[in-house]
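Undergrad: Sharing a structure, written as structure tokens. Questions coming.
The values are calculated or read from the model by the stated rules, or taken from the named source; none is laboratory data. Since the model is a prediction, treat every value here as computed from it, not as a measurement. Backbone-built Cβ (ideal geometry, glycine too); neighbour counts: all protein chains shown.
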Amino acid sequence: MAHLKALRLPAMRERFQELGERARREGLSYEAYLLALCEAENEMRRETRIERLMRASRLPREKTLEAGAFKMLKVKLGRDNDREMIETVRSVTDVPIFVDVNQGWKDRVYAMEMAHFLNENNCLFIEQPMHKDQKDDIAWLTAGSPLPIIADEALQTVGDMLGMKGIYSGINIKLMKCGGMHAAYKMVTMARQMGMKILIGCMTETSCAVSAAAQLSPLVDWADLDGNLLISNDVYEGMTVVDGRVSIPDRPGIGIIEKK
């Protein structure tokens, strides 16, 4: 049968061939054969999806175990398996987590349900739950959420700060977006005056950049400064994380030296 050549999964190909042989043996009508074919295809798709989900859960579990030395973990959400992701992490650790949704949630009711679910699972705060243009939805979520709602994509520079009030509980400051240490300090000062929480974050950066951001860590509520751990060509040595806390070297300036 020509349509079998298009099937990439050997198991599915074999299943369909078995059905063809059965149809010939038992004299099934063409309609009955097509119905059996569809049922077999649906069954195979369900099995394949389950296998994918099992593989998808293994990776977060392994990565969580690898991060056993850290006292707080960041979890990326915003897909169709958010609850499963949290349950997978919670199956291997009970350390506090925070989540970055990257504007992934579309519906504010779902976002509120997730906020309560996350609150029950030792989550500290939620970064950018919905698209930055959904201001009314985010403000509604912030007003009723048991967890702080932190602006990320919605915020870049000092000029964006006043627009955060009444929509978010806090802000994520990144030196690579805001314009440097002086601008970041201004944003810290403004956020405190506005009664907002503060996260100091980073992009994928060298130890030079994260060490600069670390200078502001005593002034903020949370520090997410691991960009240097995500690269293999870091040419500097600088801040480190010791027992879950940012540790700044006792050196001049921002404390960096060139790797030898």
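Undergrad: Name the residue that is surrounded by the fewest Cβ atoms within 10 Å (Cβ to Cβ), counting only residues in segment 245-260 that are among the β-branched types (V, I, T) and not in a loop (DSSP other than H, G, I, E, B).
TA: That would be I257.
Undergrad: Would you mind finding the one in E84, E113 that is surrounded by fewer than 19 Cβ atoms within 10 Å (Cβ to Cβ) and either under 29 Å from M190 (Cα atoms) or modelled with pLDDT under 95 (or both)? Can you show your working first?
TA: Numbers: E113 fails: either under 29 Å from M190 (Cα atoms) or modelled with pLDDT under 95 (or both).
Step by step, each of E84, E113 is checked, and only E84 is surrounded by fewer than 19 Cβ atoms within 10 Å (Cβ to Cβ) and either under 29 Å from M190 (Cα atoms) or modelled with pLDDT under 95 (or both).
Undergrad: Output the number of the condition that A67 fails; it satisfies all remaining conditions of (1) surrounded by fewer than 20 Cβ atoms within 10 Å (Cβ to Cβ); (2) modelled with pLDDT of 95 or more.
TA: Unmet condition: (2).
Undergrad: List every residue pair whose Cβ atoms lie under 9 Å apart, where the two residues are 6 or more positions apart in sequence or sit on different chains, the first residue falls within segment 93-105 and is in contact (Cβ under 8 Å) with a residue 60 or more places away in the chain, and the second residue, located anywhere, is aliphatic (A, V, I, L, M) and assigned to a loop (DSSP other than H, G, I, E, B).
TA: Filtered contacts from segment 93-105: F98/M72; F98/L147.
Undergrad: Conditions: (1) within 24 Å of C123 (Cα to Cα); (2) out of contact with any strand residue (DSSP E or B) (no Cβ under 6 Å at 6 or more places or on another chain); (3) buried (at least 20 other Cβ atoms within 10 Å of the Cβ); (4) at pLDDT 95 or above. L219 meets all but one. Number of the miss?
TA: (3)
Undergrad: Starting from segment 182-193, keep only residues that are in the same structural domain as Q156 (by TED's automatic domain parsing) and within 11 Å of I171 (Cβ to Cβ), then list their pairs with residues that are at pLDDT 95 or above and of a type in the set (D, E, K, R) whose Cβ atoms are within a distance under 8 Å, requiring at least 6 positions of separation or different chains.
TA: Sorted first by the residue in segment 182-193, then by its partner, the pairs are A191/K197.
Undergrad: Only one of (1) in contact with a helix residue (DSSP H, G or I) (Cβ under 7 Å, 6 or more places away or on another chain); (2) modelled with pLDDT of 95 or more; (3) loosely packed, with under 15 Cβ neighbours inside 10 Å; (4) over 27 Å from S91 (Cα atoms) fails for I173. Which number is that?
TA: Failed condition: (3).
Undergrad: Could you check segment 227-244 and list, in sequence order, the residues that are without any contact (Cβ under 8 Å) to a residue 40 or more places away in the chain, touching a strand residue (DSSP E or B) at 6+ places or on another chain (Cβ under 9 Å) and outside any helix (DSSP H, G or I)? Walk me through it before giving the result.
TA: Our first condition is that a residue be without any contact (Cβ under 8 Å) to a residue 40 or more places away in the chain; within segment 227-244, this holds for 227-240, 242.
Next cut, touching a strand residue (DSSP E or B) at 6+ places or on another chain (Cβ under 9 Å) only: 227-229, 235-240.
The answer is V235, Y236, E237, G238, M239, T240.
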